[in-house]
Amino acid sequence: MNPAKFLTCLCLFLAAAPTHAGPTIESWQTSSGARVLFVENHSLPIVDVQVDFAAGTAHEAEGKAGVASLTQALVDLGVSGMDETQIANRMADLGAQLSGGVDTDRASLRLRTLSMADKRGPALDMLTAILSRPTFPAEVLEREKARTVAALKESLTRPDVIASRAFWAALYPAHPYGRQATPDSVKAILRDDVIAFHRANYSGSQATVAIVGDLSRAQAASVAEQLTAGLPSGGAMAGIPIVQLPAGGEQRIAHPALQAHLLLGLPALRRGDPDFFALAVGNYSLGGGGFVSRLMKEVRDKRGLAYSVHSYFLPLQQLGPFQIGLQTKKAQASDALRVSREVLADFLAQGPTEAELQAAKQNLIGSFPLRLDSNRKILENVAMIGFYGLPLDYLDRYPETIERVTAVDIKAAFARHVRPEHLVTVVVAGE
Amino acid sequence: MRHPRSIVLLLLLVAPAAAMASTHERQLANGLRVIVKEDRRAPTVAHMVWYRAGGMDETNGTTGVAHVLEHMMFKGTPSVGPGEFNRRVAAAGGRDNAFTSRDYTAYFQQVPKEKLSEMMQLEADRMRHLTLDANEFAQEIRVVMEERRLRTDDQPQSLLFEHLAAVAFQAHPYRVPVIGWMSDLENMTVADARFWYEQWYTPNNAYVVVVGDVDHQTVFQLAERHYGALSARSLPVRKPQDEPVQAGIRRLTLKAPADLPVVMMAYKAPVIRNVDEDVDPYALEMLSAVLAGHEAARFTRHLVREQRLAVNAAASYDSTARGPGIFYLYGSPSEGKSRPQLEAGLRAEIAAVQDRGVAADELARAKAQLIAGQIYKLDSMFAQAMEIGQLESVGIHHTMNGRMIEKLQKVTAEQVQAVAKKYFRDEQLTLAELDPQPLPQVLRPRSPFAPRH
């Protein structure tokens, strides 16, 4: 889990302004039941498509940690009639870019292609084959398992990864969000596991398709229909279970690194929770607002304890984490932890000042156009709205919702979501 | 149109005029150049100030000062107090940051378009009036040391790269890391930062790049108003510090806590000095794309997928730089394979190009990706501003970009084979290996997970 990536996820939510509406999103269902969100934009000859499935790591069966990522990695490494080299060469010939990712909730596949018919058509045909007809060749699976294990073993030597894994394990001791792939769990995955995971979790009725760019509504409809027609026809899947809050506590892990890595937090927020807005405004002042937050001032500017320090909420399908994180040289770890705890405790007790509240609103509302000034950024927002079933006018209404937040709301929301008795601390490489 | 001959032709065919707008340029009387690209797709603007001073302009004993000064640029002027710069950008609904490289130091803000004037006012102010307070410096130098620990000292692969550069270059300042050696950071003073600032932060050593929803004439007027009053100063003479010819292989090994070994091979290579006349740098760019430009390019296909020799393998080459160039090959061996085996595998790939050249379809594929990438870049104002700024930083006029793409399009298979033969010789090679060391057996929690309260 990469904190920077989480931060990006949250930032996508912080989009709004009174003077600028969001993009016009059209939405419909394909005949296979997939939900489609489309933003028409002809300013560049580019089409971006993202297909999301509820196929993240939280959907892995117990003992199968790693299968979600392997499945996602393998879909474009063999389709009926083409091997991995032919697929990659075809994409490169077209100048098309295929990417994707897996987090706790989602597995995503993303295609960027030029919009001219002789490029777009074959590129979308490839994506269709990848979505509908992956072959999961056994020898490719074995190779990718070995590469995954190698990368995992390397990452398990890194203090940031060790800290993050311990943090998630401590936040979610009995929940799928806390389960993480290990070299052994990856080695044990069989081709049948991958095929079963794909069949159960990559179904048409569960897919969300986001399309942005140089297509008409009619063209987008036929693209979405084509992409989803051949998907597995799985039924409703099991949801992600409710999170039980952990007992608070502290864990220290030794490591030879020069810097200690500190994480502090708890399970805090679901997507769609109305408190999101108050928490977002409040967190801007606490540790989200880059160089102007309280944590940055106290930890970095006043004391020179760290290069970066942050706090964020990562809303997920079920309670996602609130997290404070920083790195500092070993000898300063206790100081930095004490200062961070004091800043948090003070914020929980007092809430933001009126000046902080206004500064937060000014930035969150004023920066709205920057959140949506490229097709890629629009795609990320629209895909997130689609996957989590947020209202289509979510972006349009964001500014007024932010504007209405009061200091009292923030203090109350933090009191509901950040309860100190559940706070977990992880220190790797502290003295 | 599968493999168009000219990027310009393709772009004219497919990209609306607005997105393809050319740039506008003006030089103020004090020497500051202002480059504007209008892009009206969204009501935002990217504003950047680039200084022609980076790590390569430093001297021994004060390495890292370019980057330290970059940090200090946020610590206030008489009219804008410490931290106030960030606060004002945030209040404007903007984002800002800065970056220091071997070749330059650059500052940027991304803001709603109506805030451009205020950003120029702030940048102009700190171009001349930086306070450089001793107490602020004392705090900030500690932040920079934490940054070095975070990004280099505790990152074995970064450390390997740092060691490699220090061996590949002996005279040229590219041997020094941009972040600076820790000892130099520990002994740096505010006077060092001030000396650097006085030397290099002057309008005739800077240029402004603006990309966004703006009118270029308006931008020129704003630039004149905010930057125009700053006076030019004479700049120090820049000594070339040319690297002597390397005449034999250099090898080094780094031991660090890690699990995956790394092999990194660095061959001295030319960079573009004359956009029109040069040939080899363009051929090296295409070689890099054929070797490692996509998932089925040679390195991944042969070394990772077919031979299972590596868990990853890549090539990297940048044809533009103020200093000398390097063509990198690097990767990590698979379990059960050794570093020498991977080294032999990488060498075999180069030998294959030397002996048998590259296929027409491989080259065509690399060119198709290049063209598409040029169009995708138009989706980001920031990326467009970066491209302009980086070309200018190495002394290439930004309007030469189209010509450079044309040159890349014209590279032949024979030219690719020729550069493979010419530059990939052991005499020009520095080879660095990461020898991973197991962590001490202390990874089990030192304390069990325990409630605090």
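Overview of values
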{"item": "Residue identified as of a type in the set (Phe, Trp, Tyr) and within 28 Å of A:Ile240 (Cβ to Cβ) among A:Phe277, A:Phe347", "result": "A:Phe277"}
{"item": "Residue check, B:His47 part of a helix (DSSP H, G or I), under 20 Å from the mean Cα position of the chain (by Cα), modelled with pLDDT of 95 or more and surrounded by 17 or more Cβ atoms within 10 Å (Cβ to Cβ)", "result": "no"}
{"item": "Count - residues of the range A:125-135 that are open to solvent by 10 Å² or more (accessible area, probe 1.4 Å) and either over 26 Å from the mean Cα position of the chain (by Cα) or not hydroxyl-bearing (Ser, Thr, Tyr) (or both)", "result": "4"}
{"item": "Any chance A:Val161 is out of contact with any strand residue (DSSP E or B) (no Cβ under 7 Å at 6 or more places or on another chain) and of a type outside the set (Lys, Arg)", "result": "yes"}
{"item": "First in the range A:60-76 and more than 21 Å from A:Leu231 (Cβ to Cβ), second anywhere and open to solvent by less than 40 Å² (accessible area, probe 1.4 Å) and hydrophobic (A, V, I, L, M, F, W, C), Cβ under 7 Å, 6 or more apart", "result": "A:Lys64/A:Ile189; A:Ala65/A:Ala181; A:Gly66/A:Ala181; A:Gly66/A:Val186; A:Gly66/A:Ile189"}
{"item": "Subset of the range B:316-341 [under 19 Å from B:Val290 (Cα atoms) and within 14 Å of chain A (Cβ to nearest Cβ)]", "result": "B:Gly331"}
{"item": "Residue in the range B:140-149 that is closer than 22 Å to B:Asp103 by Cα and away from chain A (no Cβ under 14 Å) present", "result": "no"}
{"item": "Test result for A:Gly386, on the phi > 0 side of the Ramachandran plot and buried (at least 18 other Cβ atoms within 10 Å of the Cβ)", "result": "no"}
{"item": "Pick from the range A:152-164, criterion of a type in the set (A, V, I, L, M) and surrounded by 16 or more Cβ atoms within 10 Å (Cβ to Cβ), ranking: nearest to the other protein chains (Cβ to nearest Cβ)", "result": "A:Ile162"}
{"item": "Positions within the range A:115-138 being charged (D, E, K, R) and either part of a loop (DSSP other than H, G, I, E, B) or more than 10 Å from chain B (Cβ to nearest Cβ) (or both), in sequence order", "result": "A:Arg120, A:Asp125, A:Arg133"}
{"item": "Filtered residue count, the range A:66-90, keeping only those that are charged (D, E, K, R), assigned to a loop (DSSP other than H, G, I, E, B) and either within 9 Å of another protein chain (Cβ to nearest Cβ) or under 26 Å from the mean Cα position of the chain (by Cα) (or both)", "result": "1"}
{"item": "Test: residue in the range B:156-165 that is in a loop (DSSP other than H, G, I, E, B) and in contact (Cβ under 8 Å) with a residue 12 or more places away in the chain", "result": "no"}
{"item": "Residue list for the range A:241-265, restricted to those being crowded, with 20+ Cβ neighbours inside 10 Å, more than 7 Å from chain B (Cβ to nearest Cβ) and hydrophobic (A, V, I, L, M, F, W, C)", "result": "A:Val243, A:Ala260, A:Leu262, A:Leu263, A:Leu264"}
{"item": "Breaking point among (1) of a type outside the set (A, V, I, L, M); (2) more than 30 Å from B:Thr152 (Cα to Cα); (3) outside any loop (DSSP other than H, G, I, E, B); (4) more than 13 Å from chain B (Cβ to nearest Cβ), for A:Gly101", "result": "(2)"}
{"item": "Scope the range A:299-324; condition within 12 Å of chain B (Cβ to nearest Cβ) and either of a type in the set (Gly, Ala, Ser) or in a helix (DSSP H, G or I) (or both); matching residues", "result": "A:Val299, A:Arg300, A:Asp301, A:Gly304, A:Ala306, A:Ser308"}
{"item": "Residue count for the range A:165-187, restricted to those that are within 18 Å of A:Glu62 (Cβ to Cβ), within 11 Å of chain B (Cβ to nearest Cβ) and among the small types (Gly, Ala, Ser)", "result": "1"}
{"item": "Residues of the range A:216-234 satisfying the condition of being more than 25 Å from the chain's Cα centre (by Cα) and either touching a residue at least 12 places away in the same chain (Cβ under 8 Å) or within 14 Å of chain B (Cβ to nearest Cβ) (or both)", "result": "A:Ser216, A:Arg217, A:Ala220, A:Ala221, A:Val223, A:Glu225, A:Gln226, A:Ala229, A:Gly230, A:Ser233"}
{"item": "Hits in the range A:176-228 (condition: closer than 30 Å to A:Pro45 by Cα, outside any helix (DSSP H, G or I) and of a type outside the set (D, E, K, R))", "result": "A:Tyr202, A:Ala207, A:Thr208, A:Val209, A:Ala210, A:Ile211, A:Val212, A:Gly213, A:Leu215, A:Ser216"}
{"item": "Filtered residues of the range B:414-448 (kept if open to solvent by 70 Å² or more (accessible area, probe 1.4 Å), modelled with pLDDT of 50 or more and either part of a loop (DSSP other than H, G, I, E, B) or acidic (Asp, Glu) (or both))", "result": "B:Glu414, B:Arg425, B:Glu427, B:Pro438, B:Gln441"}
{"item": "Extreme residue, farthest from A:Phe322 (Cα to Cα), among residues of the range A:392-431 that are surrounded by fewer than 17 Cβ atoms within 10 Å (Cβ to Cβ) and among the hydrophobic types (A, V, I, L, M, F, W, C)", "result": "A:Leu392"}
{"item": "Qualifying residues in the range B:88-132 (those that are charged (D, E, K, R) and in a strand (DSSP E or B)) - the one surrounded by the fewest Cβ atoms within 10 Å (Cβ to Cβ)", "result": "B:Arg95"}
{"item": "Evaluation of A:Thr328 against (1) in a strand (DSSP E or B); (2) more than 9 Å from every other protein chain (Cβ to nearest Cβ) (one fails), failing number", "result": "(2)"}
{"item": "In the range A:165-214, residue least open to solvent (accessible area, probe 1.4 Å) [restricted to those that are among the charged types (D, E, K, R) and more than 30 Å from B:Leu378 (Cβ to Cβ)]", "result": "A:Asp193"}
{"item": "Residue match in the range B:275-293 (condition: outside any helix (DSSP H, G or I) and surrounded by 20 or more Cβ atoms within 10 Å (Cβ to Cβ))", "result": "yes"}
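The values are calculated or read from the model by the stated rules, or taken from the named source; none is laboratory data. In this text the structure is predicted, and so the values were computed from the model without any measurement. Reconstructed Cβ throughout: ideal geometry from the backbone, glycine too, with neighbour counts over all protein chains shown. Accessible surface is based on the protein model in full, side chains and every heavy atom, while ligands, DNA and RNA are left aside. Shrake-Rupley method; radii C 1.70, N 1.55, O 1.52, S 1.80 Å.
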